[in-house]
Amino acid sequence: MTADTVLDTKVMGHRGAALLAPENTLSSIKAAAEAGASWVEIDVYLIAEGGLVIFHDDTLERCTNGTGETRLLLPADVSRLDAGGYFSAAFNNEKVPTLLEALECIQSLGLGLNLEIKHADKDVENIVPAVMAVLRDHWQDNNKLIISSFNHQALQLCYEIADGRHLAQLYEAIPDDWQAQLQSIEAYSLNCDYSVLTKEQAQAVKAAGYKLLCYTPNDPDLVASHWEWGMDAVITDDPTQFAFLVENERL
Ligand code: G3P
Ligand code: MG
């Protein structure tokens, strides 16, 4: 397997497609596919009793009709939450997906998955083995999977589980010791905020042999230079315009 067999896309939907449907829901994943993305990024979060759901925030209020800390949510209560009404009435009663439901949806659509491990700073010893176990049992195609996290310790634990998954270190601004961090986990890619990335940093990442993914440009004009610097793919809330450019061989 070569690196290029993994990242066979330039366009990943962010939280599914967060501008087109309620983020991190099955509707958002489907919206990303309909908008032309062939991969999606979603966030996995550890809740009570070892449950794993697709959710971004530490608290429930912004994206659901629930209240309180996400980590305290009981698995039995997940399906009672409305994760769509905040977005628009058309999505009333959209559910917070479990990790397993999201994996099944993504595979049924033939999409690749960038799975971001959230909340690892508070419970890294529990979330990483739990996520890796679900992936082991329910995601076979290693060429269509990247596991990412801002939390380096989480990625180190993924690496120690050593099942050959492709790992991506996430940064906002790239720190000085990025190369040592990526080397220590044999990272596949560096994923960072497009708005603070410099040309020199991008070229250094590429020269070191890593893929370079940038979040979250929602207008192609914002990253026109980044492709020239070596950026391999965008992670965007709205894949529509990027997918159009790819389709017309302008990216
Ligand atoms: O994976 C890129 C992006 O999702 C990282 O930031 O906060 O949107 O999960 P966030
Ligand atoms: Mg994310």
Q. Farther than 23 Å from residue 52 by Cβ, within 16 Å of ligand 1 (Cβ to nearest atom), of a type outside the set (D, E, K, R) and surrounded by 13 or more Cβ atoms within 10 Å (Cβ to Cβ), is that true of residue 195?
A. yes
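Answer yes or no as to whether residue 17 is within 13 Å of ligand 1 (Cβ to nearest atom), under 14 Å from the mean Cα position of the chain (by Cα) and in a loop (DSSP other than H, G, I, E, B).
Working: within 13 Å of ligand 1 (Cβ to nearest atom): yes; under 14 Å from the mean Cα position of the chain (by Cα): yes; in a loop (DSSP other than H, G, I, E, B): yes.
Yes; evaluated as a whole, the condition is true for this residue.
For residue 122, indicate whether it is surrounded by fewer than 16 Cβ atoms within 10 Å (Cβ to Cβ) and within 16 Å of ligand 1 (Cβ to nearest atom).
Details: surrounded by fewer than 16 Cβ atoms within 10 Å (Cβ to Cβ): yes; within 16 Å of ligand 1 (Cβ to nearest atom): yes.
Against the criterion (surrounded by fewer than 16 Cβ atoms within 10 Å (Cβ to Cβ) and within 16 Å of ligand 1 (Cβ to nearest atom)), residue 122 qualifies.
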Q) Just to be sure, is residue 163 touching a residue at least 24 places away in the same chain (Cβ under 8 Å) and more than 18 Å from the chain's Cα centre (by Cα)? A) yes
Q: Within the stretch 224-246, track down each residue that is at negative phi, free of Cβ contacts under 8 Å to residues at least 40 places away in the same chain and surrounded by fewer than 21 Cβ atoms within 10 Å (Cβ to Cβ).
A: 224, 225, 226, 227, 228, 229, 241, 245
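Within the stretch 52-82, take every residue that is in a loop (DSSP other than H, G, I, E, B) and touching a strand residue (DSSP E or B) at 6+ places or on another chain (Cβ under 7 Å) and give me the one that is surrounded by the most Cβ atoms within 10 Å (Cβ to Cβ). Let's see the steps before the verdict.
Start the filter on the stretch 52-82 by keeping residues that are in a loop (DSSP other than H, G, I, E, B), which leaves 55-58, 60-68, 73-74, 79-82.
Restricting the remaining residues to those that are touching a strand residue (DSSP E or B) at 6+ places or on another chain (Cβ under 7 Å) gives 55-56, 58, 68.
Working: 55: 28, 56: 18, 58: 13, 68: 10.
Residue satisfying both the conditions and the ranking: 55.
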Q. Is there a residue in the stretch 149-160 that is crowded, with 22+ Cβ neighbours inside 10 Å, touching a helix residue (DSSP H, G or I) at 6+ places or on another chain (Cβ under 8 Å), more than 16 Å from residue 189 (Cα to Cα) and of a type in the set (Gly, Ala, Ser)?
A. no
Q: List the number of the failed condition for residue 219; all other conditions in (1) over 24 Å from residue 21 (Cβ atoms); (2) touching a helix residue (DSSP H, G or I) at 6+ places or on another chain (Cβ under 8 Å) hold.
A: (1)
Q) Within the set of pairs 6+ apart or on separate chains, which have a first residue in the stretch 34-62 that is at positive phi, a second that is more than 16 Å from ligand 1 (Cβ to nearest atom), and C-beta atoms under 6 Å apart? A) 36/243; 49/75; 50/130
(Q) Which pairs turn up if I take residues in the stretch 192-219 that are closer than 17 Å to residue 180 by Cα and look for partners that are of a type in the set (Lys, Arg) with beta carbon separation below 8 Å, at least 6 apart in sequence or on another chain? (A) 212/206
Q. Does the stretch 30-70 hold any residues that are within 16 Å of ligand 2 (Cβ to nearest atom), touching a Pro at 6+ places or on another chain (Cβ under 8 Å) and under 21 Å from residue 80 (Cα atoms), and which are they?
A. 53, 54, 63
Q) residue 91 fails exactly one of the following numbered conditions: (1) touching a strand residue (DSSP E or B) at 6+ places or on another chain (Cβ under 9 Å); (2) closer than 25 Å to residue 110 by Cα. What is the number of that condition? A) (1)
Q: Sort out which residues of the stretch 84-117 are at pLDDT 95 or above and more than 19 Å from the chain's Cα centre (by Cα), and write them in order of number.
A: 84, 85, 86, 87, 88, 89, 90, 91, 92, 94
Q) Does residue 29 count as buried (at least 24 other Cβ atoms within 10 Å of the Cβ), within 12 Å of ligand 1 (Cβ to nearest atom) and not in a loop (DSSP other than H, G, I, E, B)? A) no
(Q) Considering only residues that are of a type in the set (Asp, Glu) and under 16 Å from residue 79 (Cβ atoms), which ones fall in the stretch 20-60? (A) 49
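The values are calculated or read from the model by the stated rules, or taken from the named source; none is laboratory data. What you see is a predicted model, and the numbers here were worked out from it, not measured in a lab. Quick reminder, even Gly has a Cβ in these numbers, built from the backbone with ideal geometry, and neighbours come from all protein chains shown.
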